[in-house]
Amino acid sequence: MTETLAQRRVLLVIGGGIAAYKALDLIRRLRERGASVCPVLTAGAQEFVTPLAAAALAGERAHTDLFDRASEAEIGHIKLARQADAVVVAPATANLMARMAGGHAADLATTVLLATTLPILIAPAMNVQMWAHPATRRNRAVLEGDGVRIVGPNAGRMAEPESGPGRMAEPNEIADALERMLGQQAGDRPLAGRRVLVTSGPTHEPIDPVRYIANRSSGRQGHAIAAAAAAAGAAVTLVSGPVALPDPPGVAVVRVETARQMLEAVEAALPADIAVFAAAVADWRPEQEAGSKKIKKDGTGPAPMPLVENPDILATIARLPVGRPPLVVGFAAETDTVVEHARAKIARKGCDLIVANDVSAEGGVMGGADNTVHLIRRDGAVETWPRLGKEEVARRLVAHVAALLAG
Ligand code: CTP
């Protein structure tokens, strides 16, 4: 892992927040991994840490002023913006994010950020309310749309009594995120030029205007797969049922509610090279279409609610006579005899690969952060992965399908 930062040069913009002290530690961590660091401090940053401390840790001078005679003569801010492999902004305060999103160039830090064409990684750090504020959310979306990568913030205790997301990611997490970003930059994009379709989340099947049938899927696994496929260079369409997750960066998201809408959106998103069906589609819906009126109780007990089966989206696409994606991947949520059930499912649905996960209550997979999966191929071969975070499952799955498609 340390390979990617060896010989790399990082322009580190330190913003003005209490987390600036952690930026000093970040300089040490980056240098430990073999990178050289050129620090740039905003005026605010200098209220918390001195240029001298940053320079001492970096082993080179720290830059602070837009009109700095010495450095203008030597290199100038435009060169500063070019002579590196990446820019890291840590801490990225709400103010700095707003100025970046607005394209301001009022001081050295923002001028460099506007002038650079290098990949940018920001580590936000701010008060919980500031992070949650719609203005910051807008700025974040703008920055993500501009291709800026974001690491953190983490939830936890901060300088103020409140707690929640706002704490800057730890220096080692920032260094890891930078390695990932540079790794991708270096051409680690096995799905470049490919189209990937992913379904995610539950579906909601309305009973009446206020009630629906649903399930416990959070969409985390499907969303992580869409994000990993995009990071691997694919053009990704994510068809998502109702979830409480942010849209993954760089992914076209189509939001739907019901299974039938999901099928329609999937068909509209074809053609694709790879289709991954990670959604937990409701198997049944009420036979009676939901009207505009709420069903009232009348004292005689609930009226019977006949259900009809929803279309099987995976099977429909896997069995398309024309336009079937070359690689169709299904998921199987099982509570017992996981592999046997999944083998039967692969045959029944006609897909190429099934990712079977054990969703028995003890595992806490539904809605949880981890997943233990078995990969089952059409020829019956099984690969079992250890318990992993859903993001890591996504990365491995993307690497696996990219290799299958290439081979
Ligand atoms: N799936 C789908 N459309 C449906 C039902 C399921 O596309 N109407 C897809 C899921 O996205 C998943 C796979 O089919 O990729 C398996 O879903 P699962 O619910 O585990 O299997 P079922 O076919 O419902 O079988 P069973 O309920 O017997 O486990």
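All of the numbers you see were taken from the coordinates with simple rules; none came from a lab. Just so we're clear, the structure is a prediction, and the values are computed from it rather than from any experiment. Cβ placement follows ideal geometry from the backbone for every residue including glycine, while neighbour counts extend to all protein chains displayed.
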- Task: Could you tell me the largest-minus-smallest coordinate of the C-alpha atoms of the chain on each of the three principal axes, in descending order and whole angstroms?
- Result: 81, 57, 38
- Task: With a Förster radius of 45 Å, plug the Cβ-Cβ distance of THR117 and LEU245 into 1/(1 + (r/R0)^6) and report the FRET value to the nearest 0.05.
- Result: 0.90
- Task: Starting from the amide H of LEU307, placed 1.01 Å from N in the peptide plane, find each other amide H under 5 Å away whose residue is 5 or more places distant or on another chain.
- Result: GLU287
- Note on the structure: Scaled by the rule-of-thumb 2.2 N^0.38 Å, the alpha carbon Rg for region 2-185 gives a ratio of 0.94
- Say each of ILE207 and LEU404 gets a label point 7 Å from the Cα, pointing the same way as Cα to Cβ; how far apart are those two points in nm? 3.8 nm
- Would you mind working out the magnitude of the charge dipole of the chain relative to its Cα centre, with +1 at each Lys and Arg C-beta and -1 at each Asp and Glu C-beta, to the nearest 20 Debye? 340 debye
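Which of the three applies to region 111-176, rounded, prolate or oblate, going by the alpha-carbon gyration tensor with a ≥ b ≥ c and a/c under 1.5 meaning rounded?
Details: a/c = 2.48, a/b = 1.48, b/c = 1.68.
It is oblate, given that a/c is not under 1.5 and a/b is not larger than b/c.
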- Report, for the chain, the % of DSSP beta bridges that are antiparallel, rounded to 5. 30 percent
- Message: Residue by residue through region 282-298, what is 3J(HN,Hα) from phi via Karplus (6.51 cos²θ - 1.76 cosθ + 1.60, θ = phi - 60°)? Round to whole Hz and write x for glycine and proline.
- Response: 5, 5, 10, 9, x, 4, 6, 4, 5, x, 8, 10, 5, 6, 9, 7, 10
- Message: Can you give me the long-range amide H partners of ARG194? Hydrogens built in the peptide plane at 1.01 Å from N, cutoff under 5 Å, separation of 5 or more residues or another chain.
- Response: ALA235
- Message: Running a GNM on the chain with Cα contacts under 10 Å, which residue among ALA228, ALA280, ALA268 ends up with the highest mean-square fluctuation?
- Response: ALA268
- Task: With N denoting the number of residues in region 198-264, provide Rg(C-alpha) divided by 2.2 N^0.38 Å, to two decimal places.
- Result: 1.14
- Query: When only Cα pairs under 8 Å and 6 or more residues apart are kept, what is the percent relative contact order across the chain?
  - Reply: 11 percent
- Query: Which distance in Å, rounded to a whole number, links the C-alpha centroids of region 272-310 and region 72-142?
  - Reply: 47 Å
- Please give the contour-minus-distance gain from LYS294 to ARG137: 0.36 nm per residue of separation, less the Cα-Cα distance, rounded to one decimal in nm. 53.0 nm
- What order do you get for LYS293, LYS390, LYS345 when you list them from fewest to most C-beta neighbours inside 10 Å? LYS293, LYS345, LYS390
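Ranking PHE48, PHE277, PHE331 by Cβ neighbours within 10 Å, fewest first, what do you get?
In increasing order of surrounding Cβ atoms, one gets PHE48, PHE331, PHE277.
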- Message: Could you give each residue of region 94-99 its phi-based ³J(HN,Hα) in whole Hz, using Karplus coefficients 6.51, -1.76, 1.60 with θ = phi - 60°, and x for Gly or Pro?
- Response: 4, 5, 5, 4, 5, 5
- Task: Straight distance only, please: which lysines reach the Cα of LYS345 with their own Cα at less than 25 Å, same-chain residues fewer than 8 apart left out?
- Result: LYS390
- Residue exposure sequence - VAL196, VAL401 - by fewest surrounding Cβ within 10 Å: VAL401, VAL196
- Tell me, what is the FRET efficiency for MET305 and ARG260 to the nearest 0.05, using R0 = 22 angstrom and their Cβ-Cβ distance as r? 0.80
- Cα-based reach from LYS294 at 19 Å (exclusive), listing aspartates and glutamates while leaving out same-chain residues under 8 positions away: GLU205, ASP208, GLU257
